[in-house]
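The structure appears below as structure tokens.
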Amino acid sequence: MGLLLDSFWRASVYCLRPRVILISTLPLLVIAVLACGFSYFYWDASVAAMRGLLDSFSILAGLWSWLQGWGVADAASVVAPLMVVAATAPLIVVASLLLVGVLSTPALVRLVADRRFPDLERRQGGSFFASVTWALGSTVLALVALVLSIPLWFVPPLVLVLPPLIWGWLTYRVMSFDALSEHASKEERQELFKRYRSGLLGIGVVTGYLGAAPSIVWASGVIFAAAFLVLIPLAIWIYTLVFVFSSLWFTHYCLAALERLRHDKAQAAQRTADLAIVEVTPSAMQPAALLADERSTSPDRPSAHP
């Protein structure tokens with residue numbers, strides 16, 4: 001718990017550094033351009049397609065009639081944009097996570113390592129290709145789990161647990177690998193994942209819940225159409241900031257855990273060496289001691305006095 005809280009406040013302080021703010025702007029700009037491009041070229045077509053999909057379900061006709069009786073004239077026109085948001089929000093989250101991992105995390109790791117761990121040996125346990133492969137594989141698994149868990153979202157407690165848990169697992173997998181790829185060997189990374197799995201998953205779940213806040217802003221941008229152009233970029237900025245913060249949190253946690261792991265191994269090796277010296281020394285000195293004892297008790301030993 002001490003390591004978890006220590007890395008948390010260090011990551012919070014680092015987020016205020018001008019260099020970190022500058023590093024976080026690149027993925028923000030990329031995500032903003034992609035989102036604006038989607039909104040400009042595909043928003044109306046996506047809403048129309050979703051509206052047609054909703055109208056094709058005869059089971060929803062009774063719901064629309066019931067809502068119309070309560071004064072909602074065209075409920076499908078309100079629900080369709082919300083459904084588009086619900087479908088695209090996970091893609092925005094994944095894109096933000098991957099872009100922060102590729103564009104920002106290496107620079108953030110170097111910043112933390114240079115300032116706090118300048119003597120930590122870099123053992124290059126993961127390449128850029130391995131990092132991208134690991135991130136894409138973890139993302140596919142997370143998306144599959146997310147889709148399979150959708151029926152469980154209709155159970156009120158589970159909808160508050162499953163999505164943050166899945167996003168937390170994905171964040172933990174991607175950010176931890178990137179934080180350790182340059183400094184830890186493959187064996188050290190695997191050992192750290194086993195030893196600190198609960199702490200790493202805890203960081204991922206916390207950042208997963210933090211990532212739920214932009215979804216509210218995103219949905220508000222659809223409901224309040226007049227503020228759409230302001231609220232949607234704000235949501236994207238919050239996504240990027242959350243993942244930059246989580247990257248710093250994982251970096252501080254993982255590098256401190258790596259330093260502790262190497263320190264523990266060095267101490268264990270030193271104790272083993274000291275024990276070997278203690279075991280070898282009596283056996284090496286024993287013949288000399290016996291020889292001295294034999295000389296002192298031998299009857300043929302010449303006397304010191306005539």
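The values are calculated or read from the model by the stated rules, or taken from the named source; none is laboratory data. For clarity, every value in this text was computed on a predicted model and none was experimentally measured. A quick note on method: Cβ atoms are made from the backbone with ideal geometry, for glycine too, and the neighbour counts reach across all protein chains shown. Note: accessible area is taken over every heavy atom of the protein model, side chains too, but ligands, DNA and RNA are not part of it. Shrake-Rupley method; radii C 1.70, N 1.55, O 1.52, S 1.80 Å.
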What does the charge count near P106 come to, summing +1 for each Lys or Arg and -1 for each Asp or Glu among other residues with Cβ under 13 Å from its Cβ?
-1
Listed residues D55, D178, D119 arranged by accessible area, highest first, probe 1.4 Å
D119, D55, D178
If you stretched the chain out fully between I277 and V159, how much longer would it get, using 0.36 nm times the residue separation minus the C-alpha to C-alpha distance?
36.5 nm
Report the label-to-label distance for F128 and L3 in nanometres (one decimal), using points 7 Å from each Cα along the Cα→Cβ vector.
3.0 nm
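Write down the accessible area per residue of region 153-192 in Å², having rolled a 1.4 Å probe over the full set of protein chains.
42 Å²
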Report the label-to-label distance for K186 and A45 in nanometres (one decimal), using points 7 Å from each Cα along the Cα→Cβ vector.
4.4 nm
Would you list V30, V144, V242 from the most to the least accessible area, probe 1.4 Å?
V144, V30, V242
